[in-house]
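For reference, the structure is listed below as structure tokens.
The values are calculated or read from the model by the stated rules, or taken from the named source; none is laboratory data. Just so it is clear, the model here is predicted, and its values are computed rather than measured. Cβ placement follows ideal geometry from the backbone for every residue including glycine, while neighbour counts extend to all protein chains displayed. Heads up: the accessible areas ignore ligands, DNA and RNA and are worked out on the full protein's heavy atoms, side chains in. Shrake-Rupley method; radii C 1.70, N 1.55, O 1.52, S 1.80 Å.
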Amino acid sequence: MTDRQNIDTVLAERDAYNAALAGTRRRGGSWPALLVILAALALFPLVQLTGGNWNYPLHLMLYAFMYVAMTSGWNILGGFAGYISIGHNVFFCIGGYVSGMLLASYGISSFLTAPLAGVVAMAVGFCVGFITLRVRGPAFIISSIALLMVARILFDNWDFVGGSNGISLPRMELPVQYVKIPYYYAMLVIAVASLVASYAIRHSKFGLGLRAISQDEIKAESAGIDTRFYKILAFAISAFFVGTAGAIWGEYMTYIRPNIFLIILVAANMVLMCILGGKGTVAGPVVGTVLLIAFNEFFVSQFGASQINILGTGIIMILALMFFPNGIVGTLRRRGRLPRILDWD
């Protein structure tokens, strides 16, 4: 038997074992509970009809949905394929500017143009991946940071899109207590779509190839996997969801400006949320997003928007990764203690 056949056999056996193990854990299934949670999230905006001030909770959940979409998209490249990108918020910016300029120039809502913005971000991601994915490891991380720096210089000095001052966008004509609701549902749809895509990719031949690349790219090449194409395609797909989220976020903010999208904190949040929850898992980005946003909100409420907030969040991250070195979902799965509600793999 050839080396390629040996590797194919090992990969197939490993995947079959993981699938069987996951199926055993899911016996009884968590899907009904997930559907109940999804239904509750879909009905949550209706509390606005009962009166009271629910604007901030709606904003917070909308913000969380946005990061769920972006971290799940990032996870396709950074988690499944193992290529850590610190410049993915460039696609967040591209999505925001594509839909924002169409709204400002022609009055076309981002609810209609968000898929187009995602496709444009995907096309740019394919081209960028074609260049940057020639390298791997630290060199790729540096190239992603360079991409972010180049994009910031470009958008800051591009007069057509307003330069560093950006462009104001028209506000949706709804009463102030209801104006967040359409954006809430749009971000919820994008978040769910990104999770469904992540689940489908993980359980596909493409996903198996990405995980093989993550574990040992040289062996994956020896097994006949077109690693270069797989990586570029993963880069493009991940850019699509980040760009789509950016399109909705730009209109929600009512203006587009480089310092909304092209700051290192946005990219760092995507990476940290994914690592905290468990990169390479489907549920990990959701868990990491919810926890990191909850930590931030707690420290802001206690200490205000100060350096103590950043320090406290950093300490929590360090402690979490000390006890959960593979992320919360990954570590609990390895220990056999993962709650069924989080076992989506």
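Scanning residues 5 or more positions from TYR255 or on other chains, those with amide H under 5 Å from its amide H are LEU169, with H placed 1.01 Å from N in the peptide plane.
Placing dummy labels 7 Å off each Cα toward the beta-carbon, the span from LEU319 to ILE131 is 4.4 nm.
Prolate is the label for the range 264-345, because a/c, from the alpha-carbon gyration tensor with a ≥ b ≥ c as root eigenvalues, is 1.5 or above and a/b exceeds b/c. Counting only protein heavy atoms and using a 1.4 Å probe, the accessible area of PHE111 comes to about 70 Å².
Within the accessible area of the chain, what % is carbon and sulfur when the probe is 1.4 Å and the other protein chains stay in place?
On the way: 11180 of 16190 Å².
So the carbon and sulfur contribution to the accessible surface is 69 percent.
Accessible-area rank, largest first, for TYR97, TYR230: TYR230, TYR97, with all protein chains present and a 1.4 angstrom probe.
With Cα atoms as the point set, the chain shows a radius of gyration and Dmax of 20.5, 71 Å.
Our summary gives the chain a relative contact order of 30 percent, counting only alpha carbon pairs under 8 angstrom and 6 or more residues apart. Applied to the range 273-280, the Karplus parametrisation 6.51 cos²θ - 1.76 cosθ + 1.60 on θ = phi - 60° returns per-residue 3J(HN,Hα) values of 4, 5, 5, 4, x, x, 5, x Hz, with x for Gly and Pro. Can you bin the range 158-226 into rounded, prolate or oblate? Criterion: square roots of the alpha carbon gyration tensor eigenvalues sorted a ≥ b ≥ c, rounded for a/c under 1.5, prolate for a/b above b/c, oblate for the rest. Since a/c reaches 1.5 but b/c is at least a/b, the shape of the range 158-226 is classed as oblate. Once you have a ≥ b ≥ c as the square roots of the Cα gyration tensor eigenvalues for the range 53-101, tell me rounded if a/c is under 1.5, and otherwise prolate or oblate according to whether a/b is larger than b/c. Note, shape of the range 53-101 comes out oblate. The range 163-235 and the range 105-136 have Cα centres spaced 11 Å apart.
Using a 1.4 angstrom probe with every protein chain in place, what is the largest-first accessible-area order of GLU297, GLU217, GLU173?
Final ranking, largest accessible area leading: GLU173, GLU297, GLU217.
Coupling constants for the range 243-259 follow from the phi torsions by the Karplus curve (6.51 cos²θ - 1.76 cosθ + 1.60, θ = phi - 60°), and in residue order they are x, 5, 5, x, 4, 5, 5, x, 5, 4, 6, 6, 7, 10, 7, x, 6 Hz; glycine and proline get x.
Accessible surface area normalised per residue over the range 22-181 is 48 Å², counting heavy atoms of protein chains with a 1.4 Å rolling probe. The string of couplings for the range 99-113 from the Karplus curve (6.51, -1.76, 1.60, θ = phi - 60°) is 5, x, 5, 5, 5, 5, 8, 10, x, 8, 5, 5, 5, 8, 9 Hz, one whole number per residue in order, with x for Gly and Pro.
Between ALA40 and ILE308, what's the calculated FRET efficiency when r is the beta-carbon distance and R0 is 30 Å? Round to 0.05.
On the way: r = 34 Å, r/R0 = 1.12.
Plugging the Cβ-Cβ distance into 1/(1 + (r/R0)^6) gives 0.35.
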